[in-house]
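Notes for the one structure printed next.
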Amino acid sequence: MQPKVVKPDGGEVAKHDGWEATVKIGGDVTDGALTVLETRHDPGSGASAHIHSRESETFVVQEGDFIFRVGDARVALGAGGVVFGPPGLVHSFEPGQDGGRLLHIFVPAGMETFFTRPRDGSPGSDDQLRHEYGIESIED
């Protein structure tokens, strides 16, 4: 394991429809221990309810306001707010009217490739990708 410094505008960026993800620290640096990535969201571009079967996920709100679903609870958080979700917890988030920016910490690593992998938009391709990464979509 080696130290790594990433400047605010550094990292591998993957742009998607209404949001983008930047891998700040991946499993290649942490020997698989964790992944740190940043996401930027336009209004309406959050994540629908889902469960990670393998990873815990911590969210740190960097900019903007978000509504999080954490299990059965819904909570509004602004900059500096933090949410932790262990594997198996239903969660989702939705940015406010101005969009926002989140820092995500996944333990163990591996989710960085989910965010950076190209999406072809074909029917069922997102479902297949989620399945490969142990993510189960949940009806809200």
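Here are a few things to note about the model shown:
- Residue-level analysis places residue 92 among those that are part of a strand (DSSP E or B), surrounded by fewer than 19 Cβ atoms within 10 Å (Cβ to Cβ) and not aliphatic (A, V, I, L, M).
- Region 14-25 - residue that is under 13 Å from the mean Cα position of the chain (by Cα) and among the small types (Gly, Ala, Ser) and, of those, surrounded by the fewest Cβ atoms within 10 Å (Cβ to Cβ): 14
- Any pair with Cβ under 7 angstrom, 6 or more apart, that starts in region 71-87 at a residue that is closer than 16 Å to residue 34 by Cβ and ends at one that is outside any strand (DSSP E or B): 87/53; 87/54; 87/55
- Counting only strands (runs of 3 or more DSSP E) that sit completely within region 1-83, those holding 2 or more residues that are modelled with pLDDT under 95 correspond to 12-16, 19-25, 47-52.
- Restricting region 55-83 to residues that are exposed (fewer than 13 other Cβ atoms within 10 Å of the Cβ) and on the phi < 0 side of the Ramachandran plot, the residue that is nearest to the chain's Cα centre (by Cα): 82
- Residues that are without any contact (Cβ under 8 Å) to a residue 60 or more places away in the chain and buried (at least 16 other Cβ atoms within 10 Å of the Cβ), drawn from region 29-54: 29, 45, 46, 47
- Residue-level analysis places residue 5 outside the set of residues that are without any contact (Cβ under 8 Å) to a residue 40 or more places away in the chain and in contact with a Ser or Thr (Cβ under 9 Å, 6 or more places away or on another chain).
- Exactly one residue out of 94, 63, 20 is out of contact with any helix residue (DSSP H, G or I) (no Cβ under 6 Å at 6 or more places or on another chain) and either touching a residue at least 60 places away in the same chain (Cβ under 8 Å) or farther than 23 Å from residue 137 by Cβ (or both), and it is 63.
- Selection within region 95-122 - charged (D, E, K, R), in a loop (DSSP other than H, G, I, E, B) and farther than 21 Å from residue 54 by Cα: 119, 120
- Enumeration of residues in region 123-140 that are at pLDDT 70 or above, more than 28 Å from residue 29 (Cα to Cα) and not in a helix (DSSP H, G or I): 137, 138, 139
The values are calculated or read from the model by the stated rules, or taken from the named source; none is laboratory data. Just so we're clear, the structure is a prediction, and the values are computed from it rather than from any experiment. Quick reminder, even Gly has a Cβ in these numbers, built from the backbone with ideal geometry, and neighbours come from all protein chains shown.
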